[in-house]
Amino acid sequence: MSELHPAVPLSAGERAGAAASLRLNLAALTAEELQHLLGEAAAQRRMPELSQARLEGRAVLGDPVAREQEYQAQAERSWGRAPELARQLGALRQELTLLGGTDLGVFYQPLLAEVRHLRAFVFAPDTALALRWSETPESVRAPAPFLLAATLMRDRASGTAAVLSSTSALPFVPTQSEEIDARLYQGAGVQALLDAHRVQVSRHGRGVRLRQAEGHEQADWRKVYTAVRQLNLAAWMRRGLLVEEG
């Protein structure tokens, strides 16, 4: 589970780290969230158990949830487990760079069950973007490479703290924080996603500017994604979606 990970990573869950102290409460998810998370058939099979747990006010523990994501920098190489994936990643990287993105390299997220690889970009003045894919898919539902753009808002008077835009074919699970304007533009191209994201940011005001000085971009990229994650963790705790262990 993460601020930015659509249903596939969540469906298999995050692997527990030594310091993990949160677990997903399946009984608190909506029927729609359960279907997106588990698949329709699996969600139906578990419904009697979950309905009983709700009546009893009891949690049904799901996968461990790390409080923070880990981003391990990877040496540059030819990415893509298959020729078609390599072609897609190369084309997306080139287009993102041509459109003004600063390429910060590839990172591996070991706490996710799937879609563990991403190439990070920043777009002036305020957008952090991740090109995400899976080198080792563990589910037939593993998505094709997708983009995820995030911007933090300078003024939260409108009630919106961040804008999140994705081209993933799978929805966000659980639902994003009410403070995040999260939208899916399934299958959209790079330019279309960036344009749509900027429109949504402008509707809420101005985004927090990211530093463009060399060496600072990666810190700002992480700052954006960490902030979005914390917004979601707080929202999910309020909903009772996360259970603290110990």
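The values are calculated or read from the model by the stated rules, or taken from the named source; none is laboratory data. This is a predicted model, so every value here is computed, not measured. Reconstructed Cβ throughout: ideal geometry from the backbone, glycine too, with neighbour counts over all protein chains shown. With ligands, DNA and RNA removed, areas are computed over all heavy atoms of the protein, side chains included. Shrake-Rupley method; radii C 1.70, N 1.55, O 1.52, S 1.80 Å.
Numbers below:
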item: Complete set of residues in region 94-118 that are in contact with a Lys or Arg (Cβ under 6 Å, 6 or more places away or on another chain) and closer than 30 Å to residue 199 by Cβ; result: 106, 109, 115, 118
item: Criterion (open to solvent by 50 Å² or more (accessible area, probe 1.4 Å) and within 21 Å of residue 223 (Cα to Cα)) met by exactly one of 88, 74, 94; result: 74
item: Single unsatisfied condition, residue 81 versus (1) at pLDDT below 95; (2) of a type outside the set (A, V, I, L, M, F, W, C); (3) open to solvent by less than 30 Å² (accessible area, probe 1.4 Å); (4) farther than 30 Å from residue 28 by Cα; result: (3)
item: Hey, residue 123 open to solvent by less than 10 Å² (accessible area, probe 1.4 Å) and within 22 Å of residue 72 (Cβ to Cβ) or not; result: no
item: Test for residue 218: is it part of a loop (DSSP other than H, G, I, E, B), over 13 Å from the mean Cα position of the chain (by Cα) and touching a residue at least 60 places away in the same chain (Cβ under 8 Å); result: no
item: Any chance residue 200 is open to solvent by 40 Å² or more (accessible area, probe 1.4 Å) and either hydroxyl-bearing (Ser, Thr, Tyr) or touching a residue at least 24 places away in the same chain (Cβ under 8 Å) (or both); result: no
item: Extreme residue, surrounded by the most Cβ atoms within 10 Å (Cβ to Cβ), among residues of region 31-66 that are within 20 Å of the chain's Cα centre (by Cα) and closer than 15 Å to residue 240 by Cα; result: 65
item: Selected residue (criterion: most open to solvent (accessible area, probe 1.4 Å)) from residues of region 130-185 that are of a type in the set (Phe, Trp, Tyr) and either farther than 27 Å from residue 80 by Cα or outside any loop (DSSP other than H, G, I, E, B) (or both); result: 172
item: Residue within region 17-30 that is modelled with pLDDT of 95 or more, out of contact with any Cys (no Cβ under 9 Å at 6 or more places or on another chain) and open to solvent by 40 Å² or more (accessible area, probe 1.4 Å) present; result: yes
item: Residue 206 vs. criteria at negative phi, basic (Lys, Arg), open to solvent by less than 80 Å² (accessible area, probe 1.4 Å) and touching a residue at least 12 places away in the same chain (Cβ under 8 Å); result: no
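Each row is one residue, and each column tells you yes or no for (1) at negative phi; (2) part of a strand (DSSP E or B); (3) touching a strand residue (DSSP E or B) at 6+ places or on another chain (Cβ under 9 Å).
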residue: 33; (1), (2), (3): yes, no, no
residue: 43; (1), (2), (3): yes, no, no
residue: 47; (1), (2), (3): yes, no, no
residue: 50; (1), (2), (3): yes, no, no
residue: 55; (1), (2), (3): yes, no, no
residue: 59; (1), (2), (3): yes, no, yes
residue: 63; (1), (2), (3): yes, yes, yes
residue: 69; (1), (2), (3): yes, no, no
residue: 73; (1), (2), (3): yes, yes, yes
